[in-house]
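Heads up, the thing below is written out as C-alpha coordinates.
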Amino acid sequence: MLGVALAAGMVTFALEGGTYGTRDLLALKREVRQQNERIATLEREIDSLRTLRDKLTSDPATQERYARELYGMIREGERLYQVVGADRRP
(Lines give C-alpha, C1' and ligand atoms only; values in the text may rest on other atoms or scores of the structure.)
Protein backbone atom coordinates (compact mmCIF):
# COMPACT_ATOMS: atom_id res chain seq x y z
CA MET A 1 0.00 0.00 0.00
CA LEU A 2 2.83 2.32 0.88
CA GLY A 3 4.53 1.51 -2.43
CA VAL A 4 1.39 2.41 -4.40
CA ALA A 5 1.04 5.70 -2.54
CA LEU A 6 4.73 6.44 -3.10
CA ALA A 7 4.44 5.62 -6.82
CA ALA A 8 1.34 7.81 -7.13
CA GLY A 9 3.18 10.65 -5.40
CA MET A 10 6.16 10.27 -7.73
CA VAL A 11 3.95 10.33 -10.82
CA THR A 12 2.08 13.38 -9.54
CA PHE A 13 5.34 15.19 -8.81
CA ALA A 14 6.75 14.23 -12.21
CA LEU A 15 3.70 15.70 -13.98
CA GLU A 16 2.95 18.74 -11.84
CA GLY A 17 5.94 19.31 -9.57
CA GLY A 18 8.78 21.71 -10.04
CA THR A 19 8.73 25.10 -11.66
CA TYR A 20 6.77 24.16 -14.79
CA GLY A 21 4.21 21.38 -14.66
CA THR A 22 2.10 19.85 -17.39
CA ARG A 23 -0.64 22.45 -16.98
CA ASP A 24 1.90 25.24 -17.29
CA LEU A 25 3.33 23.65 -20.43
CA LEU A 26 -0.14 23.34 -21.99
CA ALA A 27 -0.96 26.95 -21.09
CA LEU A 28 2.28 28.14 -22.66
CA LYS A 29 1.63 26.15 -25.83
CA ARG A 30 -1.87 27.65 -26.05
CA GLU A 31 -0.44 31.14 -25.60
CA VAL A 32 2.18 30.55 -28.31
CA ARG A 33 -0.56 29.37 -30.70
CA GLN A 34 -2.68 32.45 -29.94
CA GLN A 35 0.29 34.77 -30.45
CA ASN A 36 1.14 33.11 -33.77
CA GLU A 37 -2.47 33.62 -34.91
CA ARG A 38 -2.27 37.27 -33.85
CA ILE A 39 1.02 37.69 -35.75
CA ALA A 40 -0.54 36.18 -38.89
CA THR A 41 -3.50 38.56 -38.58
CA LEU A 42 -1.22 41.57 -38.18
CA GLU A 43 0.91 40.51 -41.14
CA ARG A 44 -2.19 40.34 -43.34
CA GLU A 45 -3.24 43.78 -42.12
CA ILE A 46 0.23 45.17 -42.85
CA ASP A 47 0.11 43.72 -46.37
CA SER A 48 -3.28 45.34 -46.96
CA LEU A 49 -2.05 48.69 -45.69
CA ARG A 50 1.07 48.51 -47.88
CA THR A 51 -1.10 47.80 -50.91
CA LEU A 52 -3.34 50.76 -50.03
CA ARG A 53 -0.30 53.00 -49.52
CA ASP A 54 1.07 52.03 -52.91
CA LYS A 55 -2.26 52.72 -54.60
CA LEU A 56 -2.66 56.05 -52.83
CA THR A 57 0.76 57.18 -53.99
CA SER A 58 0.50 56.01 -57.59
CA ASP A 59 -3.11 55.35 -58.67
CA PRO A 60 -5.12 58.47 -59.57
CA ALA A 61 -8.46 56.63 -59.38
CA THR A 62 -7.78 55.54 -55.81
CA GLN A 63 -6.59 59.02 -54.87
CA GLU A 64 -9.78 60.54 -56.27
CA ARG A 65 -12.00 58.01 -54.52
CA TYR A 66 -10.37 58.70 -51.15
CA ALA A 67 -10.50 62.45 -51.64
CA ARG A 68 -14.20 62.22 -52.43
CA GLU A 69 -15.00 59.89 -49.52
CA LEU A 70 -12.85 61.43 -46.80
CA TYR A 71 -12.95 65.12 -47.63
CA GLY A 72 -16.19 65.49 -49.58
CA MET A 73 -14.33 66.83 -52.59
CA ILE A 74 -16.25 67.25 -55.81
CA ARG A 75 -15.46 68.04 -59.41
CA GLU A 76 -16.42 71.29 -61.02
CA GLY A 77 -20.07 71.21 -62.03
CA GLU A 78 -21.01 68.45 -59.53
CA ARG A 79 -23.23 68.87 -56.52
CA LEU A 80 -22.56 67.31 -53.15
CA TYR A 81 -25.51 65.85 -51.30
CA GLN A 82 -25.02 64.77 -47.72
CA VAL A 83 -27.58 62.50 -46.14
CA VAL A 84 -27.98 63.04 -42.42
CA GLY A 85 -29.33 60.15 -40.38
CA ALA A 86 -32.27 60.53 -38.01
CA ASP A 87 -29.96 60.30 -34.98
CA ARG A 88 -27.96 63.37 -36.10
CA ARG A 89 -30.89 65.74 -36.68
CA PRO A 90 -31.34 68.63 -34.22
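Projected onto the charge dipole of the chain (+1 at Lys/Arg Cβ, -1 at Asp/Glu Cβ, origin at the Cα centre), which of VAL84, LEU2, GLY72 gives the Cα projection farthest towards the positive end? The listed residue farthest towards the positive side: VAL84. Taking every protein chain into account, the accessible area of the range 1-64 amounts to 88 square angstrom per residue (probe 1.4 Å). About the centre of its Cα atoms, the chain shows a dipole size close to 200 debye [charges on the beta carbon of Lys, Arg (+1) and Asp, Glu (-1) only; nearest 20 debye]. Note on the chain: with neighbouring protein chains present and a 1.4 Å probe, carbon and sulfur make up 58 percent of its accessible heavy-atom surface. In a fully extended conformation the segment linking ALA27 and LEU2 would gain 5.7 nm over its present Cα-Cα distance, using 0.36 nm per residue.
The values are calculated or read from the model by the stated rules, or taken from the named source; none is laboratory data. Since the structure is predicted, the reported quantities are computational estimates derived from the model, not experimental observations. Methodologically, a virtual Cβ is constructed for each residue, glycine included, from the backbone with ideal geometry; neighbour enumeration extends over all protein chains shown. These area figures cover heavy atoms from the full protein model, side chains too; ligands, DNA and RNA do not enter into them. Shrake-Rupley method; radii C 1.70, N 1.55, O 1.52, S 1.80 Å.
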